[in-house]
Structure formats: C-alpha cells, structure tokens
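Enquirer: Pasting a structure below so you can have a look.
Values quoted throughout were computed directly from the atomic coordinates according to the rules given, and no laboratory measurement underlies them. This is a predicted model, so every value here is computed, not measured. Ideal geometry is used to build each Cβ from the backbone, glycine not excepted, and the neighbour counts take in all protein chains shown.
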C-alpha cells in the first residue's frame, strides 16, 4: 500500500499465513483486520467475510475493504461516501482498491501489473503493482508512506514466525522507491541462498585476504579452511547481520555474502 497518510502500514494491512489477507481503507475500520482474519480462519470465503463485516458496520459507506482468502478467492468494497476518485478491482488472488486517487487508471494499472507478473515472487509483484498505480497518478494528494507485508508459514526470521516480509516507510517523499530499497536489503539479509562458492583454493585465499583487511582475521591467507577462518567468517556475518545466509553448509559461502564482502572491502583498498 501507499498513501498520503502517515504510517499507512499501521492501519491498512492484515494477513495470516494459510488464512488470507485484508486491507481496510478510506475511513478505515481497523477492527475489520482481526475480525476478518478470524472469519476467514473459520472457513468463510472472501465474499462472505466482506459482506458480513460491511453489513454490520453503520458507517460502511465511508469504508473500503479488500479481502483475499487462502484459496485465492477475493472481494472488494467501496462505500458510496468515499472521497473521489474511489474504486476497486478484484480477481483471482488479488484485490486492489483506493480512494482520493487521480482516477480509475490507478487501480486498473495495479490489477494489470499483478496479473501479468505471475512468475515473479509475491513481494516483487506487489511493489511492481504499487509502481504501476503511481504511474497512473496514484494518490492525488501526493505520496507519504508505504508498506509491504507477506506472510508464509514459518517464513520469518529463524522460522519462528510467519512474517516473511514486513516493511514500512512511514514518512518519505518517494515511499514506494524507498520501500523497494528496503526490500532489497531484506532480501540481502534474509533471502534464500541460491548460489554458493566452495571455501577452498584461490577463492578461499581471496576471502581470507578480505577478512584480514576488514580486521576479522589475523592468520595467513593460505587457502585452507581452518578454525580461525571459520570463526572470522562467522564474526563478519554476525556483525553485518548476514547470519541467516551463513547457516547450512560450512564448506561453502553464499555468493551474496561474498558480493557484500567485496563491496565492503573497496573503501579499504583506496
């Protein structure tokens, strides 16, 4: 989400892994979030949840609501008293809505972007949809805050929570781009290992030299994976918050850690 509103991520998004997601907007009724998730968890589909929440709310004409359930069913609502331009589009696996928008192109662009990016990771699809909405005019008042929430069972830090991605930009002149920057960092620190390099030979000698220049290693650069080298790598990763990429095979190093190390070493070589 993005809005000319301080800390929009505190109000709009609600999601539970294996259950669904809810966006409460306009004159937001934040009780829609937890109540809606409970209704989804009870087995009600998105449309039934939306109807129950709005019909029980005497101020529903000032609300907007989007609901997506765990099967991909979706529903959106825009009250007739929402500030213009206000509207929504919903389809399989998505619901997008907005008010005080430049016009219908905002939600049309968002829906099209999301539908045409099915093979892209969900978080990236959502950021792309926000960019597409902004290209269509976005919030006619301007930009201020943005947020991105993606849940997955045991997808959070260390596998202890379901918060795969939970990022907020509370006050920024270009919040969508700042959100994209933060997501890039989130992927660096917590993304999945996709490529590794063997800690041996010339590659390890180079890594030992870099660790030494960074003050993490005092031994010789000899290309042998000894205990001091392992300790230096662990110390570097813990200092730089890269420990989630250090887990697993101790005989190999995540390529993203190596890239980070090379970028870190450049100022030391000038």
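Enquirer: Could you work out how much longer the chain between residue 140 and residue 163 gets when fully extended? Use 0.36 nm per residue separation minus the Cα distance between them, nm to one decimal. Display every interim value, and only then the final one.
Expert: On the way: separation 23, 0.36 × 23 = 8.28 nm, distance 3.12 nm.
Computed gain between residue 140 and residue 163 is 5.2 nm.
Enquirer: I would also like to ask the following. Separation between the residue 4 and residue 262 pseudo-spin-labels, each 7 Å from Cα along Cα→Cβ, expressed in nm?
Expert: According to this spin-label approximation, the distance is 4.4 nm.
Enquirer: Take the Cα atoms of segment 11-131, find their three principal axes, and give me the spread along each one in whole Å, biggest first.
Expert: 37, 34, 21
Enquirer: Shifting gears a bit: Any chance you could check the Cα centroid distance between segment 190-212 and segment 119-147 for me, in angstrom?
Expert: 36 Å
Enquirer: Quick check: pseudo-label points 7 Å beyond the Cα along Cα→Cβ at residue 182 and residue 42, how many nm apart are they?
Expert: It is 3.4 nm.
Enquirer: For the chain, what is the per residue volume of the convex hull drawn over the alpha-carbon atoms, in cubic angstrom? Could the numbers behind the result be given before it?
Expert: Numbers: hull volume 37.5 nm³, N = 270.
Here the figure is 139 Å³ per residue.
Enquirer: Rule-of-thumb check for segment 85-158: C-alpha Rg over 2.2 N^0.38 Å?
Expert: Values: Rg = 13.2 Å, N = 74, 2.2 N^0.38 = 11.3 Å.
Segment 85-158 yields a ratio of 1.17.
Enquirer: Sort 106, 12 by Cβ crowding within 10 Å, fewest neighbours at the top. Walk me through the numbers before you get to the answer.
Expert: Values: 106 25, 12 22.
The order, fewest Cβ neighbours first, is 12, 106.
Enquirer: Using only helices, what value at 222 nm comes out for the chain when you add -39,500 (n - 2.57) per DSSP H run of length 4 or more and divide by the total residues, to the nearest 500 deg cm²/dmol?
Expert: Details: 9 runs with 102 residues, N = 270.
Mean residue ellipticity at 222 nm (helix-derived): -11500 deg cm²/dmol.
Enquirer: Nearest 10 degrees, 0 to 90: what angle lies between the long axis of helix 46-55 and the longest principal axis of the chain (Cα atoms)?
Expert: It works out to around 50 degrees.
Enquirer: Moving on. Sort 169, 11, 120 by Cβ crowding within 10 Å, fewest neighbours at the top. Intermediate results must be reported in sequence, preceding the final value.
Expert: Numbers: 169 24, 11 20, 120 14.
In order of increasing Cβ crowding within 10 Å: 120, 11, 169.
Enquirer: Name all residues of segment 18-58 having a backbone nitrogen under 18 Å from the label point set 7 Å from the Cα of residue 80 along its Cα→Cβ direction, giving them as ranges.
Expert: It comes to 27, 51, 54-58, nothing else.
Enquirer: So what's the gap between the Cα centers of segment 33-70 and segment 162-179, to the nearest angstrom?
Expert: That distance is 25 Å.
Enquirer: I'd like the Kirkwood hydrodynamic radius of segment 196-269, using the inverse of the mean 1/r over distinct C-alpha pairs, in Å.
Expert: 12.0 Å
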